[in-house]
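Have a look at the structure below before the remarks.
Nothing in this text is a laboratory measurement; each read-out follows from the coordinates by a stated rule. These figures come from a predicted structure and were not determined experimentally. Note: ideal-geometry Cβ built from the backbone for every residue, glycine included; neighbour counts use all protein chains shown.
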Amino acid sequence: EEEEEEEEEEEGLLNAAKVFGSAAGGTESIRTGPLKRKKSGDVETGSKKTVVEPSLLDKATLPLYGDFVSAEQRALFALFNSYRDVLHTARPYPYEDAADADPIVDAYLLHALNHVVKCADRIRKNNQRLATARENALKGTLIEVPRDQGFCRAKVLLLLPQRNFAFQAIRRLANLAVDSTGRPDAVKGAAKFVEQFSDPDHLLARAQRDRARRRAKERGESGSTESTQRSLGPREHAAVFAGNTDDDFFMGMKITQGAVKLFADNFESDIIVASPLAITMRLEAEKKELAERVARAKKGSSLKNVTPTLDYLSSIELVIIDRADVMLMQNWTHLETALTVLNQLPREQRDTDIMRVHEHFLAGRGALKRQSLIFSSFAAPEISRIFTKMCTAAAGGIRILPAVAAATHAPPRCTTYRWPAAAVGRARRALGRVLEGEEGEEGYVAGKKG
């Protein structure tokens, strides 16, 4: 009977993971409550208005956390909300125990959701304003069309090295987006997502480990898992390679009021979660398709001068690159290719009101208004080059370096040695004979000085 109860409990945990329940993360690392927005003075994309100093990362400077779990998380969100490029090279290594409660992940996911919601609110208000202006246009009022859109809907690109990291980030993002609804059907495509991005064996082993820890805690034991960690190797290695480690994935997410649609169309998605390899492979497929069209076209066709692009990445305003240190173990050129293809003029115009597209997108300068957030556990020349050459936000950039404690150096040791005067005299006379050539030794030529 106990074995049957354990099997039923395991099935319940797996089913809860499929519908994004308690086993899928929850909201334990963020205090509940809506994200407060100011009525005026919000930081716009590329704005230089907000100045955030790195000293805000000191926990002593922010005693009040508000809706955040720590002062560090609040300071990170303030840096992200300044829309500057941020290079964080002090990212803690992943641990299996802290996979669902990462304050850094929550900070940049909240920033991404905040950016998507602000852009959607701005477009909705402008639509209402335009509808009112069209009614007044019959009376002779001039209509001023606002520029509040891009070539396509996608605004945020989240680059991750493997599916297991994407599984944690997407699950957490969906929980934050639909936290206030409480509806089981708020996340569409959850079953397909769990099937493609998770590993059933890993979920089962994790459920068993959590149950063992809970029982050990009830019995008053320590619940140590040193033998398990010893069999899996270091905790960092076990966390990086736990679950689905496939590095080829691409998925769009559509954020609406009270619901999240996974596996949405690329041109209808608000957030795109992908790996650098997947973007590179899609670009290669686009090049192949364009080459076939050029081969079928007649001589003198304009297709020969067309550059292959991914149109749904032409209006990206926020790029998040997490676990760049893991990407260094992969093919680094894929990440460079993925950043190069961003914010290019689209090859085809879809259902886009060209009169409402931002001027910097029309001028091909979308990269100057694009914010880039890079997170790594250590600094590397390749990461610094990406941040310096390809992260060109007009608002500037900030580097977050690991804190190094000031080393206390001991005073230099001064030791006095006493030599007999006779020994010093004999050594001095012997050295003089060698230099004068009176005594030939190995390395010197007799009869020559030096």
How many angstrom lie between the Cα centre of region 246-260 and the Cα centre of region 306-365? 17
What residues have an amide H closer than 5 Å to that of Val260, excluding those fewer than 5 places away on the same chain, when H is modeled at 1.01 Å from N in the peptide plane? Val187, Lys188
Can you list which of the GluC sites (Glu not before Pro) found in region 322-366 are DSSP loop residues with at most 12 other C-beta atoms within 10 Å? Glu348
Stretch Leu362-Phe378 to full length: gain in nm at 0.36 nm per residue minus the Cα-Cα span? 2.0 nm
Points 7 angstrom from Cα along the Cβ direction at Leu345 and Trp419: gap in nanometres? 8.1
Calculated diffusion of region 303-438, Stokes-Einstein form, Kirkwood radius summed over Cα pairs, 37 °C and 0.692 mPa s, µm²/s: 157
Given points 7 Å out from each Cα along the Cα-Cβ axis, report the Arg124 to Asp248 separation in nanometres with one decimal. 4.0
Region 363-421: trypsin sites (Lys or Arg not before Pro) in DSSP loop, at most 15 other beta carbons within 10 Å: Arg365, Arg413, Arg418
